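Here is the structure we will look at.
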Amino acid sequence: MAQKKRYGFVIDVSRCIDCRACLVACSAENKVGMKYTRIWVRDLGVKGEYPNLEQTFVPYNCMHCENPPCTQVCVSGATYKDGDTGLVLVDQEACIGCGFCVDACPYNARYLDRERGVVDKCTGCIQRLQVGQQPACVTTCVGKARLFGDFNDPGSEVSVALKNARTIQRLDYELPDGAHTEPNVYFINGEVMDPQVQPHEPAYSLAETSWKSLLIPAVLAGIGASFLGQATFFTKQLVEGEKEFEE
Amino acid sequence: MSHKTIPLAERKRLRMKMIKKHQLANILTHWFNVGMWLMLLPTGIAILSSPRLGLSPDWVQVFFRNVFGGTANLIRFHYTVGLIWAIVLTFNILVGFRKYFVPFSKERLLLSKDDVEWMKIKPLQMLGFMKGKPLPPQDAYNAGQKLYMYVVILGTVGIIASGLVMTFHTVFPPFLKQWAQPVHWASVFSIVAGLIIHVYMGAVFPEEKEAFFSMFSGKVSAWYARAHHSKWYWEKVKEELEWEDKVTAEVESSAKPAEAAHAGD
């Protein structure tokens, strides 16, 4: 049996020069609207004291988490973790663009496309993956800062890169319920632990929270009460039997 | 006079005599509603798959997604049927507004003093108290039915409004789409809470058996009407007597000119 795939990115921050060719390639490949982008490069700024200065750029996109908080809140299952590839995807024909998942993402890796009324995000260029190609951002990266592949395959480019890396960092986040997001994006050969790229606690909109903690208990109590009521009467009816004529 | 003291022969006569309770248009709309709800409720429950809310079991989600071919198709089916339901219902109400909706609201929906009294006594009686206390006479619909009708009307407005927001998601702001989902769910399941009793009372509960058949024939027996909806029953009797008087008067007045003409010969 073929092993389950776990696709993800390895980003060698020591090789990124913030040229943003990946942003352009991604937008062109995925027809992303001019106002939006699915991937970012975060500039952590100049650090250190002259003359020992350094500056790190962190290419950034959906982490394709093992435990994505975004899929937990999607009401319809329009956003889901794909069983075959492990990629976190949005079925835009099912999505209504309410933005629950945008709030819940600890990495701000999703956005609302207001023109199309849907949520959009990095898909790992699954359309290219299906025909055996690498994502557009990866093939276009001149410095080879971006790598993509299956972490479950020890011979894959990403697994080899992880093995040879000087440092490995992962923006893991412990969720309120104790589980970890376990992102499938690994940053190697540099320091990315900076407040600018740190994940935040998933936010839940007022509508979702009141639904969960107010409406569900109230309405289910009503349903329970009415069910119990009719069950009592039905049991009584069964025990007493039916009269031919009503009095 | 209580219906319990009626002599046997009169009871038999009342059982045989049928009076009209529901108009055909209402009956058809009711069963149309049933059919649409049978399609919409299961698919709607199956759509709800947020693990955080935990509103439907996994197997329901998987089963319906397999039957319909994915989430998008399941949602498409749900909102297509939903739109048909909303359009037909709105059409029926608009076309029948003066002939059905206004009289129905006026004569059968408004709560009277007796209804308020009923609401005080009935819940206690169901819990086993005040068994001896007689219930006030009820209209064509009792106070419980009337209350549920308000839930249904408000719920239906909520369902249709929030459903439209989610169906036409490209034109509405995210804020509305976020609230449309809990509103849709709460409206549906407020109705479902009463629906459990509605279906049980209508189809299973022995004393209300006539109510079930009346949703096909439109008619209930005078006995049932007198026992369960006495206010409405006496109203009907009064109407019938008035109608008889009117017909008698008409026959007499049309007979007189003929006599007069005869006398003139």
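Using the Cβ-Cβ distance between A:Phe227 and B:Trp31 with R0 set to 35 Å, the FRET efficiency from 1/(1 + (r/R0)^6) comes to roughly 0.90.
Packing here is the average count of other Cβ atoms within 10 Å per residue, and on that basis the peptides A:161-174, B:237-250, A:113-126, highest first, run A:113-126, A:161-174, B:237-250. Amide H contacts of A:Phe148 (H built 1.01 Å from N, in plane; Pro and chain starts excluded): A:Val10 sit under 5 Å, all sequence-distant by 5 or more or on other chains.
Residues whose amide H lies under 5 Å from that of A:Val118, counting only those 5 or more places away or on a different chain, are A:Asp113; hydrogens are built 1.01 Å from N in the peptide plane. Rounded to two decimals, the Cα-based Rg/Rh of the protein assembly as shown, with Kirkwood Rh, is 1.19. Taken as entire DSSP H runs, the helices of chain A that both span 24 Å or more between Cα atoms along their own long axis and average 0.5 or more on the Kyte-Doolittle scale are A:216-240. Computed over the alpha carbons of chain B, Rg followed by Dmax gives 24.6, 94 Å.
For A:Thr140, neighbours were defined as the other residues whose beta-carbon sits under 10 Å from its Cβ, and their charges (Lys and Arg +1, Asp and Glu -1) total 0.
Straight Cα distances below 15 angstrom link A:Lys35 to the aspartates and glutamates A:Asp113, A:Glu115, A:Asp120, with same-chain residues fewer than 8 positions distant left out. Partners of B:Lys219 within straight-line reach, counting aspartates and glutamates whose Cα lies under 18 Å from its Cα and excluding those fewer than 8 residues away in the same chain: A:Glu246, B:Glu107, B:Asp139, B:Glu207, B:Glu208, B:Glu210, B:Glu235, B:Glu239, B:Glu240. Residue by residue along A:69-79, Cβ atoms of other protein chains within 10 Å of the local Cβ number 6 on average.
Rounded to the nearest whole Hz, the Karplus-based 3J(HN,Hα) values (6.51 cos²θ - 1.76 cosθ + 1.60, θ = phi - 60°) of the range A:99-115 follow the sequence x, 4, 6, 4, 5, 7, 5, x, 10, 6, 8, 10, 9, 8, 8, 5, 5, with x at glycine and proline. Summary of the geometry: the range A:162-187 and the range B:159-223, compared by the centres of their Cα atoms, lie 48 Å apart.
Mean silhouette area of the range A:7-197, derived from the convex hull of its C-alpha atoms and averaged over all directions, reads 11.7 nm². Between amide H atoms placed 1.01 Å from N, distances below 5 Å from A:Arg42 occur with A:Val58, A:Tyr60, all of them 5 or more places distant or on a separate chain. The modelled label-to-label distance for the pair B:Val171/A:Lys31, using points 7 Å beyond Cα in the direction of Cβ, is 2.3 nm.
Coupling constants for the range A:143-149 follow from the phi torsions by the Karplus curve (6.51 cos²θ - 1.76 cosθ + 1.60, θ = phi - 60°), and in residue order they are x, 6, 7, 9, 10, 9, x Hz; glycine and proline get x.
Summing charges over neighbours of B:Pro123, with a neighbour being any other residue whose Cβ is under 14 Å away from its Cβ, gives +2 when K and R count +1 and D and E count -1. Our coupling estimate for the range B:186-192, obtained by passing each phi through the Karplus curve with A = 6.51, B = -1.76, C = 1.60 and θ = phi - 60°, is 5, 5, 4, 7, 5, 5, 4 Hz, Gly and Pro reported as x. Calculated mean residue ellipticity, 222 nm, the protein assembly as shown: -16000 deg cm²/dmol, from DSSP H runs (n ≥ 4) at -39500 (n - 2.57) each, averaged per residue and rounded to 500. As a proxy for reagent exposure, B:Met166, B:Met16 were ordered by neighbouring Cβ count within 10 angstrom, fewest first; the result is B:Met16, B:Met166.
In this Cβ point-charge picture (+1 for Lys and Arg, -1 for Asp and Glu), chain A has a dipole of about 1100 debye about its Cα centre. Charged side chains reduced to their Cβ positions (Lys and Arg at +1, Asp and Glu at -1) give the protein assembly as shown a dipole of some 460 debye around its Cα centre.
Please name which of A:Ala221, A:Gly241, A:Thr209 has its Cα lying farthest along the dipole of the range A:205-247 towards the positive end, using unit charges on Cβ (Lys, Arg +1; Asp, Glu -1) and the Cα centre as origin. Of A:Ala221, A:Gly241, A:Thr209, it is A:Thr209.
Checking the cross-link pairs B:Lys4/B:Lys238; A:Lys236/B:Lys99; B:Lys106/B:Lys133; B:Lys209/B:Lys236; B:Lys4/B:Lys146 against a 31 Å limit on the alpha carbon distance flags A:Lys236/B:Lys99 as lying beyond it. With the charge dipole of the protein assembly as shown set up from +1 on Lys and Arg Cβ and -1 on Asp and Glu Cβ about the Cα centre, the Cα lying farthest toward the positive end among the listed residues A:Trp40, A:Ala165, A:Pro69 is that of A:Pro69.
Put in order of Cβ neighbour count within 10 Å, fewest first, the listed residues B:Ile93, A:Ile11 become B:Ile93, A:Ile11.
Counting only Cβ charges, +1 for Lys and Arg and -1 for Asp and Glu, the dipole size of the range A:205-247 around its Cα centre is about 380 debye.
Since every read-out is calculated from the coordinates, none of them should be taken as a lab result. Computed from a predicted model, the values in this text were never measured in an experiment. Glycine also receives a Cβ, built like all others from the backbone with ideal geometry; neighbour counts cover every protein chain displayed.
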